[in-house]
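I have placed the structure first, in the form of structure tokens, so that the comments after it can refer back to it.
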Amino acid sequence: MRIMVTGGAGFIGSAVCRHLVGERGDAVLNFDKLTYAANLASLAPIDASPLYRFQQGDVTDAAALAAAFEAFEPQAVIHMAAETHVDRSIDSARPFIEANILGVFTLLETTRAYLAGRPALARDFRLLCLSTDEVFGSLGPEGLFDETSPYRPSSPYSASKAAGDHLARAWAGTYGLPVILANTSNNYGPCQFPEKLIPLMILNGLEGRPLPVYGQGDQVRDWLYVEDHARALALILARGEAGETYLVGGHGERTNLQVVEAVCDLLDAAAPRPGQPPRRELISYVADRPGHDLRYAIDASKIERALGWRAATSFEDGLARTVRWYLDREDWWRPLRERYAGQRLGRAAE
């Protein structure tokens with residue numbers, strides 16, 4: 001199958017490209033703007049494959065997007081190009097509005113024009129749009145998000161993703177576009193830009209720097225290993241029904257503090273610091289960011305029941321593999337670390 005992946009140089013996107021090309025044997029066009037969080041080094045395992053090609057481009061650029069469609073003639077699209085970091089959306093919302101709303105609109109219109117003259121292709125074509133559980137807002141201490149949960153976004157990031165979801169559904173309903181939505185929980189694993197919690201804690205812990213935790217660290221997230229997520233998206237693309245939404249979660253609920261403490265313990269075991277205190281003593285509590293949702297958790301029973309997918313990696317195993325990867329791949333993260341030192345963004349105005 002010829003699959004166009006937008007945002008394929010990002011964290012989740014690169015995992016999806018590696019899975020599609022390296023494990024499934026699909027032909028992939030990676031269409032990526034190469035923003036600060038993108039890294040072509042993440043595609044090194046497939047870069048030489050004749051099945052893989054890369055094109056730098058912005059999903060808000062209608063002409064460039066249309067040209068990529070015409071040249072590659074995709075049979076499916078996985079849309080992952082997005083601004084994703086909540087802290088940065090609080091600091092500056094405009095890039096999120098442009099990428100996550102205007103980008104979705106441009107892609108929907110480009111796909112509609114592309115399929116208009118190709119009725120045979122349109123019958124089996126799928127446009128899979130990746131979204132987040134953050135569009136649903138904050139859960140209480142009980143319950144799970146499912147495909148019927150109402151939208152209650154709390155941050156500029158989640159509001160922009162919610163708007164993109166609504167656009168995708170509207171274009172499916174109005175124009176008959178074969179859209180599928182996938183809302184996912186927090187991903188972690190190799191090749192994640194070190195502004196996100198787990199890689200930030202790993203690298204700060206390696207360097208003996210403070211480990212900043214928002215509030216009391218009692219925010220709960222459902223953690224999903226990125227390679228399990230890549231399998232899920234490939235399966236949804238192959239067997240999911242147009243017009244449906246699938247929630248993808250890892251059954252890995254942990255508080256942020258529990259995650260940071262687990263990273264500390266793994267680092268102490270794998271990279272000991274003789275004569276230094278345990279890394280848990282590096283944990284520091286900082287002012288919480290505004291609008292910080294307390295708990296997310298996903299009911300993934302629909303995708304498990306309908307498509308036979310289930311997360312294969314426990315949080316303990318996935319975190320150990322992630323820590324080991326960062327220990328072994330300084331060549332990947334050191335250039336990023338030199339231009340992003342791990343400062344926290346998204347604080348309330350003084």
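Which of the residues that make up the range 253-310 are in a strand (DSSP E or B) and charged (D, E, K, R)? Can you show your working first?
Narrowing the range 253-310 to residues in a strand (DSSP E or B): 253-255, 283-286, 295, 298.
Scanning the range 253-310 gives E253, R254, R295.
Quick check: is even one residue across the range 59-68 touching a residue at least 60 places away in the same chain (Cβ under 8 Å), surrounded by 15 or more Cβ atoms within 10 Å (Cβ to Cβ) and at negative phi?
In the first step, residues of the range 59-68 are kept if they are touching a residue at least 60 places away in the same chain (Cβ under 8 Å); the result is 68.
Cutting the leftovers down to surrounded by 15 or more Cβ atoms within 10 Å (Cβ to Cβ) gives us 68.
Going one step further and asking which of them are at negative phi, we end up with 68.
Yes, the range 59-68 contains at least one residue that is touching a residue at least 60 places away in the same chain (Cβ under 8 Å), surrounded by 15 or more Cβ atoms within 10 Å (Cβ to Cβ) and at negative phi.
From the set of residues in the range 263-278 that are within 19 Å of D218 (Cα to Cα) and in contact with a helix residue (DSSP H, G or I) (Cβ under 6 Å, 6 or more places away or on another chain), which is surrounded by the most Cβ atoms within 10 Å (Cβ to Cβ)? Give the derivation first.
Residues of the range 263-278 within 19 Å of D218 (Cα to Cα): 263-265.
Imposing the further condition that a residue be in contact with a helix residue (DSSP H, G or I) (Cβ under 6 Å, 6 or more places away or on another chain) reduces the set to 263-264.
Values: V263: 25, C264: 20.
Only one residue fits best here, namely V263.
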From the list V77, V21, which one is over 26 Å from Y214 (Cβ atoms), in contact with a Lys or Arg (Cβ under 8 Å, 6 or more places away or on another chain) and not in a loop (DSSP other than H, G, I, E, B)? V77
Could you check the range 110-121 and list, in sequence order, the residues that are free of Cβ contacts under 8 Å to residues at least 60 places away in the same chain and within 21 Å of V59 (Cα to Cα)? T110, A113, Y114, A116
When both residues are 6+ apart or on different chains and their Cβ atoms are under 6 Å apart, which pairs have a first residue that lies in the range 152-167 and is without any contact (Cβ under 8 Å) to a residue 60 or more places away in the chain and closer than 23 Å to G140 by Cβ, and a second that is in a helix (DSSP H, G or I) and of a type outside the set (D, E)? P153/V135; P153/A159; P153/A162; A162/V135
Pull out all pairs, ordered by first then second residue, where Cβ-Cβ is under 8 Å, the residues are six or more apart or on different chains, the first lies in the range 79-99 and is under 20 Å from N187 (Cβ atoms), and the second is among the basic types (K, R) and in a helix (DSSP H, G or I). A82/K161; F96/R88
Criterion: at pLDDT 95 or above and β-branched (V, I, T) - qualifying residue of T84, T110: T110
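For every residue, the table says whether it meets (1) among the aromatic types (F, W, Y); (2) farther than 22 Å from H229 by Cα; (3) out of contact with any Phe, Trp or Tyr (no Cβ under 8 Å at 6 or more places or on another chain).
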residue	(1), (2), (3)
S158	no, no, yes
A170	no, yes, yes
V179	no, no, no
N187	no, no, no
P190	no, no, no
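Of the residues A15, A67, A41, which single one is in a helix (DSSP H, G or I) and more than 18 Å from the chain's Cα centre (by Cα)? Steps first, answer last, please.
Details: A15 fails: more than 18 Å from the chain's Cα centre (by Cα); A41 fails: more than 18 Å from the chain's Cα centre (by Cα).
Only one candidate qualifies: A67.
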In the range 235-261, what residues are in contact (Cβ under 8 Å) with a residue 24 or more places away in the chain, in contact with a helix residue (DSSP H, G or I) (Cβ under 8 Å, 6 or more places away or on another chain) and over 18 Å from R305 (Cβ atoms)? A242, G252, R254, N256, V259, V260
Candidate set from the range 82-133 (those that are assigned to a helix (DSSP H, G or I) and touching a Pro at 6+ places or on another chain (Cβ under 6 Å)); member that is surrounded by the most Cβ atoms within 10 Å (Cβ to Cβ): F96
Quick check: anything in the range 146-164 in contact with a His (Cβ under 6 Å, 6 or more places away or on another chain) and either more than 29 Å from W333 (Cα to Cα) or in a strand (DSSP E or B) (or both)? no
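The values are calculated or read from the model by the stated rules, or taken from the named source; none is laboratory data. The shown structure was predicted, so the numbers you read here are calculated from the model rather than taken from an experiment. Backbone-built Cβ (ideal geometry, glycine too); neighbour counts: all protein chains shown.
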